[in-house]
Each structure stands twice: as structure tokens, then as C-alpha cells.
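Here the structure is laid out as C-alpha cells; the discussion comes afterwards.
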Number of protein chains: 2
Amino acid sequence: MRSTMQDAPLLIRDIVRHGQWMYADKQVFTATPTGVVQASFATVAERAQRLAAALTALGVRRDDRVATLMWNNQAHMEAYLAVPSMGAILHTLNVRLFADQLAYIINHAEDRVIIVDASLVPLLARIKDRIPGVAHFIVNGPIDEAPFDVLDYQALVSENEPGDHWPDLEETDAAVMCYTSGTTGDPKGVVYSHRSIWLHSLASTSANSIALSDRDRCLLVVPMFHVAAWGAVYTAFMAGSELIMPQMFLQGEPLLEMMTQLRPTTALGVPTIWNDVLRAAGGRSDVDLSSLRMILAGGAAVPRFMIEAFRERHGVDVLQGWGMTETSPLVAVSMPPAGVSPEHEIDYRVKAGRVMAGVQIRITDEDGAVLAADGVATGEFELRGPWITASYFGVDAPELFRDGWLRTGDIGTLDPHGFMVITDRAKDMIKSGGEWISSMELEATVMGHDGVFEAAVIAVADDRWQERPLCVVVRTPDSTVSAEELRAFIGPSVAKWWVPEHWSFVEAIPKTSVGKFDKRALRRLLAEGQLEVETLG
Amino acid sequence: MRSTMQDAPLLIRDIVRHGQWMYADKQVFTATPTGVVQASFATVAERAQRLAAALTALGVRRDDRVATLMWNNQAHMEAYLAVPSMGAILHTLNVRLFADQLAYIINHAEDRVIIVDASLVPLLARIKDRIPGVAHFIVNGPIDEAPFDVLDYQALVSENEPGDHWPDLEETDAAVMCYTSGTTGDPKGVVYSHRSIWLHSLASTSANSIALSDRDRCLLVVPMFHVAAWGAVYTAFMAGSELIMPQMFLQGEPLLEMMTQLRPTTALGVPTIWNDVLRAAGGRSDVDLSSLRMILAGGAAVPRFMIEAFRERHGVDVLQGWGMTETSPLVAVSMPPAGVSPEHEIDYRVKAGRVMAGVQIRITDEDGAVLAADGVATGEFELRGPWITASYFGVDAPELFRDGWLRTGDIGTLDPHGFMVITDRAKDMIKSGGEWISSMELEATVMGHDGVFEAAVIAVADDRWQERPLCVVVRTPDSTVSAEELRAFIGPSVAKWWVPEHWSFVEAIPKTSVGKFDKRALRRLLAEGQLEVETLG
């Protein structure tokens, strides 16, 4: 039997209308080389209407792909609101990709229009001849001389009229497209629907998740080209949370400056960024982070020392969020359960998190058998839910799905209270003497040493044990910590046979385009003999 | 274009599974004549599985209606979880209805099974012969002698096996059925879907609405037969909020006892209940309500004096929620906007509330033209959204809908920040000299007097002015306040021509089955000459 409820679809258009009305006065702050500029939600939404009119005049129709090659800024936000609401599909391009990958993705997605920040036009110029399907390039910001025909973003927005003319759409229609960073094979595209984004946004306002509300001002460090900035642009507009957009100023010092000046209540970004912020704040007495109710860290495991350091030095709680491009991304948040004593909170904050309402999760063994959620059984996480992908755009990848569940490639345990603990990426685990060593756990332990800025662990082939761990370390500026000292430091914290005998000290660990340790690059450096490895006896 | 997202429906089954796993240890407390009994979410969910097995064995199939005639208690909660999850439809019957209405509703809904609290068997016995379609009566609790053939709830649950066998359903399938209290004409049924309940639950966990979370323990005074207890049973199970179920102990004293002993963080109920609690707490020095982060009051306007009294005497914030049976019910919550100074918060708390994400709202004039949301233009509220009804079960009522929007029958304004102010029910407004007088506003003003316990205002016919207000007053126990004194008291607060010249002092104001002032009954008493009316010169 059908209910008597209205058939009212979940559309991004209605997120836009809600924020535009209820939170008209809320502000979006954008960092620029000459200072912060700001605009109200009402202005941003009105400019989104003008942008939609401009794109329509340029011939953009239902389902056409409109790509962005942009930093986190107000114009990018306007594209976020306008493009899906007009029935087209927003495709966010990662500004840190190599030219080859960028050209591949643009052609694969069949982008018709690209909106590009002025500072990124040179990147596009390198591939301009290889993306013939793109009919229009729209540049945000002044450029001296265009290397090819471009339209001016600000002029287009000014010349077109606003008006709430958003069409009626199906909630299952495609809305936003995002390619995975693709550490193996070609990048693969995930296409979010209006429904998935709407539900993910509402779920992100839930008191058990990250609880964004009109009392928040959110420093959005996670790039808008990376899983739609964890959905936070849409969540913020739905919930009336103000946004601070740092553009390309993503180093510790400028971020600290923004945190001190603009007083965000929340800040979202990958752990490497927060490590950088911690370091930048280290020597200063004028750092006041008391406006922050939380830092949300995700994209990689957050080491315990980082959570402790933010709490002890700055009085700030760090929360982990876990997810992937394929999951919109929020699946779990490491909010400690109610009633846990303050000294035990950290034991929950170091976990990947408790699974949110709306996502179903299970762990399976190598044969696909479902394992117990007992905190002990270890297997691959598999996911179901309305904001989890069922496939990739235009590519068959049946090995990544099982019976309608997404296989995450992450290995770990589930406990009786729904907390995920991730041991490792399946492909990063180290098989030593027939047993598994978690590279992630080793990294977190080594990074707990004061003299270590970053550490990444990969496998090296071993005649006797099959594989053994190699720990690649970046020292803090004044540190002279040695391999022997680090071995002694981690000794009490991990199993004896986990302790690496291979160590390498480097200036920097290569990162992927979204800021994670690039272990593929590390393995290549090792294979090419470019890592100086010290082996302890 | 379709997205790549999974086709994963929003089902009550998954709310049940989520709470059962993530919040297994959370407790449901039920008041009984011999003390409080409690059970964990895990136990409640397992018993719901057993109940579903029992109902299946009794022949209950997809879409069959299983009715409940029950107070707020654990068994009722088990039915809430089991019946929709097994694909049947839960129909909550109002225990305060007259026998005629009850028989009408049971037959109209085609109920096949009724689960009834032992204390309510006599009520059912009176109509047993008039509801031939009901195949089984299941009694919760011991009874001395059954007046007709009944099954025992506890035995059924014990005899059947648990097991997570919930079927796959469509999210648009009917889940729960609720009839309006029907102050005009026959009661009309609204049928909620799995989708509407799932979305309403998630929206109720949102930080901008009532933000239920695993840090909450919720005293559920609003009856589970009234708009599914404002959806709170499902919200609580989704969010891990504990529940306190008061059964029939709904007077000020026992509620105060529960609040003191069980320390809820939130409490949900109609304003008349909270007025009673305030009165009961008035003379006592041992009342400690510091566990409450809020009282959510809804179903009728909350007078300013009540909000002030809870804050000043008990340090508790009162929040209004606005909605109707037709709207699941939450549409708006009177959370003050961020940044409002403490002394101005009350100005927002007295409004019906700010509209939640997910609901679209507009006001229209008598011709259906949409009016401005400027805080001035006054019209009828109309609503759209996935948890708003589009029709009534088996009844045509086209006059209550307009272009796919629900007409609420409530009159008021919308402001530029999305706050609703309700002037009156359309049918309760008083037309005097061609201008409208708000009965609700007069009532709230009169109830601000210390000597007044309750006040209801209705229209009386007037030769000169067409209609004039009559104010019906219940004095507080020791009060001797007079009509003259009340006239003088409200003089400074309302327009001169609003001040009633007609007054009536009574022992009690008749209430509807859900605890609202029954103005239809008051008008009947007036017409029958049973109200003693004093008219001031």
C-alpha cells in the first residue's frame, strides 16, 4: 500500500533555497592575496542564479558536464549551487593532477564547459589541444593575456539576470561527479545524485555526526575538488554554517592566521595539514584556537599524538571522519559514546569512527563470508546505503562490489558499538612470516616521537620473511633522532616482530593529489634506488 | 543521467538494526504502578523480532493493519519497531476517543489485529461487537477475566523465536497510520511511509532542530497515539537516545517524580502538561530539573510566561515545535538564531519556530496568491515536503490541498529568517468590526496573570461588531482574580478593541483527546447556556 505522503524529491535546488532564505545573512569568507573578501549566503545564491542563466545562454543543457578547476573560493561555491540546481552536472577537477590525468578525466567525463581560477589557466593551457570537447572556458579572476579563447566569470555573472528558475528534477538524477585520485590504474569517476547529496548533507548536521548548524563557522581546508569538500559546502548551506575558504593558502602559517582572525568553530582537513598547523603553532605564544569546538580530520588515519597535542596545547578536540570518494564521503565519525570518561575519550577518537545512521556496514573474509562485529574478527569493510556508490562512471569494475555492497579495500574490525578500527589498506599491509603487519599502526606509533614530523611504512621484499617493513621518516626541523632511537621508542608499543629493521630518513614524503602519503611513489623511489636505506642489525 | 549511487531504500527496518547494534545498551524505562521497569535497546529489538514472528503466525501479511490501543510503554515501542519492519502497517489508536469514534476509525482503517493495554480492555469491550473485521485481540498485561477472546502479548513474544528476517520493502510503502483528532467531521487518516518516517527521524537529530543524540534521555510525555509521539520513538532508536515512558501517569506530580529520579535531558509534551508540572513544582524546594537541556512543547502555542517560568525557576529552556498530524509532525522549531543575545532569545522562543530543512513553506491569501515572507503579510501556511501529507486515507478532501501543497488552516506570518508566527487557527479567529482578533494571543496574555491557570477565548455573536471575544478562565487554586482585574492586567499588552468584555470562570476547560483546548465543546456549552458569562460595562 502507498502512503498518503507527498511525492517531494530531495533536490540540491531546495538546499539552495533553504540557505538563501533562512540564512540570508550568513557569510562566506574567501582568502585572497590582498585580504579576505566576504559575501552573504543571499548574495552567493543570487550569483548562482546569474551563473545558471549565463551557462544556459552558453548552451548548457540538462546533464551537460560543467567542470571546475578551482581552489576553495566563493566562485567555486556558486558553481556548486548553480550547476546541479539547473539540471547540469558539476565535475570537480583536482588541481594537483598531472596534465595527462587531467586530460584523460576531462575527456572521459565529456566536460562541455570548464570554469577555471585565473591562477590555474597555465595548467589548462598545457592540455588545451587535447580536450576538444570543451566548448567554453570561463576564467575566474583577472589574467594578463589569455593563452586561448576565454570568457570572464565575473562579467558573465554580472551580465545575466538572477531569478529562481530551477527546474523540476528527479532526486536520482546525476548532480556532481568526482574522480578518485586513482593510485592504481586510470582514475575512476563517481557520480553523486541529488538524493545522495541531500541525504549526506542532512546526515552531516546530525548531532551524532559532525552536527553542523547555524552556530558554526567552518574553515574548509579540505579541497572542493576532493569528494566535494566532504560535502561540507552543501551541508553548510543547508544548516546555515558560515564558511571560510582558504584558496591556495594551505600551509600552517596562513591557516593559523585565518583561525586566529576569523575564529572558526570547526575546521575540516587531512591530518598532514593539521600536523603542519601544530608545528606552525609550536613556537608561538599568540595562538588562540579557543573558537574551535572541533577539528574534523579525515582522508588518512589520525595519530594519537596529534589528538593529544591539540587537546593539551590548544584545548581543541579532534574528531576523525572516515570515508572515501565512493562514499560521499562520510561513513563514520569518531565521536566517543556518551558517558565515556574524559581519560578514555581518546581511545575512541583514535578509531576510524562509529558508523552513521544511513550507512550499513559489514566485514567479510577473503571468501566473502560475513564476519562477527566483535572487535576481533578482521576483514574487509563493505558498505551499503543511499550515499554509497554502486558502480563507476563508464567503467566496469565488478571486483570492487559484492552483492550490491561496495568493497572498500580497507581492512579492520567492527566492535559491538559500531566503531570501525582500520588496520590498513589491503594493498598496504605487510605480510611477514605469514602474519600481517599494519603499516598504518606503525606509522602512527613512530609519529608519536617528538623528533618525527612524518613517517610512512611500506613493504620491502625479504627472502626469509617474504616482506618486512621499511619506515620512511621526515625529522622535525631541529631533530637528529636516529633509527636506533626510534626502534627503542616504539619497542614497548608494538609486537616485537613488527619493529622495522629498515629505516630511511628523507626531506619529504611524496603525497598524492589529495595530500595522502603516496606509497606507490615511495615504492618506485625504492625500486629505483633513490631511497637511502639504513638496516639495523 | 542517472548517478552511480546505490539504490538503497530508506526503511524503518534499518533504523531498528542501527539502534539494535550501535546502541544495544541504551535503556527504555517504563513507569508502572509498582515502579519503573527497564529494558535495553537490544532486548526491545529482539522482542520486536519475536512479536513479528508471532504476528506472522497469526496470519498478518504485507499491508495488513495492526492497531495499538496503548499508553507509552515498552510493548508499544516493540510494536512500533516490529509492525512496519515486517511490512504491515501500524495504526495507533487514540485511547481518549469516544467509543463511536474509535469504532469508526478501526473499521475505516480495516484493522485486522489490535494490541491493547490491559487497562484499556474495558474501552474496547464496549465496541467489540461493532468491529467485526478485527481477527485478533492481543492484551499487554494481566487481566482478571477477558470479556472476549484474547491472546496474551507476553506469551506470544516469549513463545516465538527472534531473528532478523525483515523483508525488503519500497521506501514509499505505507508504514504507520494515524487519524487526526478531528474537531470537525469524521477523523481523517494520514499514512506515513518508511521514507517519510526515516527522513523525519534524521531531521529530528539535526543540530538545528531538536538534535536528539546518544547523549540524550528523553521523557516522552506526548502520547504514542498522537502523531507517533512526534516521531520520537523512531528518532530515539536511530540516534541512541534513551526513553522514559510514563504510561498513564501524566499528571504534574508523577512527571516531576520521573524527572527528578530518572534525570532526562529532554522532555516532550503539550504545553498544558508543562503548565501542570510548573504548578506541581511551585511549592516544592526539592525539585531539581538541572538534567534537562530542553523541554520541547508542541501541539498548541506556548505562552511566554511558561517559557520565562521554566528558565527563571528551574533553569530550563523551553523550545516550541510546530506541526500537525499531517506533517509527521515536525515542521519548525523555535531555536533562536545563533548570535541572538540572551535577553532577546525569548522573542524567538515564543514564535512557532524556524522552518526545518526538508520542508518548504509559503503563506497565501484567500485567493491563493503567495504573500511575502516579510514578517508582516498574514495568510494561511501551506507546506510541501517528503514528510507532509498529500491526501487522506480513503477520503477525498481537495479543499485542504492547493497545487500539491498542504493547506494547514493556520494563519500567520513568515519572517525573512524563516520564522513562523501563528496568529490563530483560521476557524478560531474572531472577526470584530471587520478586523481580526487572535484568540491565541489573548489567551497567552491572560495566562500571564499569576491567578490564572488556563484561559481559552472563543467568539460570541455581537449585533454591532459581528463577533466579540469571550474569555473562559480557570483560576489557580487560591486565586480570586476578577474579570475587572484581568481586563486591567491585559490592557497594556493588547489593542484596546481586543480587550474582551465577556468573561467566564470555570473549573476546567474541556480538552480534545490530545490535550488541546476543545473550543468546539466550549461553543456548545455556550450555546446550551451552560457557561455563566459576566459582561463588563
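No lab work stands behind these numbers, since they all come straight from the coordinates. For clarity, every value in this text was computed on a predicted model and none was experimentally measured. No Cβ is skipped: glycine too gets one built from the backbone with ideal geometry, and neighbour counts run over all protein chains shown.
In percent, how large is the relative contact order of the stretch A:323-475, given Cα pairs closer than 8 Å and 6 or more residues apart?
Relative contact order, the stretch A:323-475: 16 percent.
Quick one: label points 7 angstrom along Cα→Cβ at residue B:395, distances to the other copies in nm, smallest first?
5.6
What are the lysines whose alpha-carbon lies under 27 Å from the alpha-carbon of residue B:188, with same-chain residues fewer than 8 places away excluded?
B:128, B:427, B:511, B:516, B:519
If I fit a long axis through the Cα atoms of helix B:252-262 and take the longest principal axis of the Cα atoms of chain B, what angle between them do I get, 0 to 90°, rounded to 10?
50 degrees
So how tilted is helix A:194-204 from the main axis of chain A? Cα-based, degrees 0 to 90, rounded to 10.
That works out to roughly 60 degrees.
Dipole size in debye (nearest 20) for the stretch A:79-238 around its Cα centre, Lys and Arg Cβ +1, Asp and Glu Cβ -1?
Values: 9 positive and 19 negative charges, 133 e Å.
Roughly 640 debye for the stretch A:79-238.
Please order B:417, A:226, A:200 by the number of other Cβ within 10 Å, starting at the fewest.
B:417, A:226, A:200
Looking at the protein assembly as shown only, what percent of DSSP beta bridges run antiparallel? Nearest 5 please.
60 percent
Calculate, in whole percent, how much of the Cα-Cα pair population of the protein assembly as shown lies beyond 51 Å.
Working: 153799 of 576201 pairs.
Across the protein assembly as shown, Cα pairs with separations above 51 Å total 27 percent.
Is there a quick way to get the dipole size of the stretch B:70-145? I mean about its Cα centre, with the Cβ of Lys and Arg at +1 and of Asp and Glu at -1; what is the value in debye to the nearest 20?
The calculated dipole for the stretch B:70-145 is roughly 140 debye.
Within a Cβ distance under 9 Å of residue B:113, other residues only, what is the Lys/Arg minus Asp/Glu net charge?
Taking every Cβ under 9 Å from that of residue B:113, the sum is 0.
Treating only the Cβ of Lys, Arg, Asp and Glu as charged (+1, +1, -1, -1), what charge dipole size does the protein assembly as shown show about its Cα centre? Round to the nearest 20 debye.
Dipole magnitude for the protein assembly as shown comes out near 120 debye.
Any idea what the relative contact order of the stretch B:317-387 is, in percent, if you count C-alpha pairs under 8 Å spaced at least 6 apart?
Here the relative contact order equals 25 percent.
From the label point of residue A:477, set 7 Å from Cα along Cα→Cβ, how far away are the matching label points in the other copies, in nm, ordered shortest to longest?
Label point to label point, same position, other copies: 7.3 nm.
What are the semi-axes of the equivalent ellipsoid of the stretch A:418-528, taken as the square roots of 5 times the eigenvalues of the Cα gyration tensor, listed largest first and rounded to whole Å?
Result for the stretch A:418-528: semi-axes of 20, 17, 16 Å.
Using a 10 Å cut-off around each Cβ, can you sort B:214, A:462 from fewest to most neighbouring Cβ atoms? Present the calculation step by step, with values, prior to reporting the outcome.
Numbers: B:214 23, A:462 16.
Fewest to most other Cβ atoms nearby, the residues stand as A:462, B:214.
Hey, got the average number of other protein chain Cβ atoms within 10 angstrom for residues in A:191-199?
4
Can you list the lysines whose alpha carbon is less than 25 Å from that of residue A:26, not counting same-chain residues fewer than 8 positions off?
Within reach: B:351.
With N set to the residue count of chain B, report its C-alpha Rg divided by 2.2 N^0.38 Å to two decimal places.
On the way: Rg = 23.3 Å, N = 537, 2.2 N^0.38 = 24.0 Å.
Its radius of gyration relative to the 2.2 N^0.38 Å reference: 0.97.
Antiparallel versus total DSSP beta bridges in the stretch A:1-98: what percent is that, nearest 5?
Within the stretch A:1-98, antiparallel bridges account for around 60 percent of the total.
Return the calculated 222 nm mean residue ellipticity for chain A, to the nearest 500 deg cm²/dmol, obtained by summing -39500 (n - 2.57) across DSSP H runs with n ≥ 4 and dividing by the residue count.
Here the helix-only value at 222 nm equals -8000 deg cm²/dmol.
Suppose you put the label 7 Å out from Cα in the Cβ direction; list, shortest first and in nm with one decimal, how far residue A:284 is from each other copy's label.
Result for residue A:284, in nm, nearest copy first: 5.4.
What is the sum of charges around residue B:350, taking Lys and Arg as +1, Asp and Glu as -1, for the other residues whose C-beta is under 11 Å from the C-beta of residue B:350? Numbers along the way, then the final one.
Numbers: positive: B:304, B:349, B:351; negative: B:308, B:345, B:347, B:441.
Neighbour charge sum, excluding residue B:350 itself: -1.
Can you give the average number of partner chain beta-carbon atoms within 10 Å of each beta-carbon in peptide B:208-215, as a whole number?
What the average comes to for B:208-215 is 6.
State, as an integer percentage, the relative contact order of chain A based on alpha-carbon contacts under 8 Å between residues 6 or more apart.
It comes to 10 percent, rounded to a whole number.
Quick check on the exposure proxy: order B:193, B:504, A:241 from fewest to most C-beta atoms within 10 angstrom. Spell out each step's value before the answer.
On the way: B:193 28, B:504 20, A:241 31.
In order of increasing Cβ crowding within 10 Å: B:504, B:193, A:241.
Along each of its three principal axes, how wide is the spread of alpha-carbon positions in the stretch B:355-425, in whole angstrom units, largest first?
Principal extents (largest minus smallest coordinate, Cα): 37, 27, 20 Å.
So for the stretch B:87-190, taking the charge dipole from beta-carbon charges (+1 Lys/Arg, -1 Asp/Glu), which of B:160, B:180, B:137 sits furthest toward the positive end?
Sorting the options by dipole projection puts first B:180.
Roughly how crowded by other chains is peptide B:21-32, in terms of the mean Cβ count from those chains within 10 Å of each of its Cβ atoms? Write out the running numbers ahead of the final one.
Values: counts 8, 10, 6, 3, 4, 2, 0, 0, 0, 0, 0, 0.
Taking all residues of B:21-32 together, the mean is 3.
Regarding the stretch B:174-264, what whole-number volume in Å³ per residue does the convex hull of its Cα atoms give? If you can, show how the numbers build up before the last one.
Details: hull volume 10.4 nm³, N = 91.
It comes to 114 Å³ per residue, whole-number rounded.
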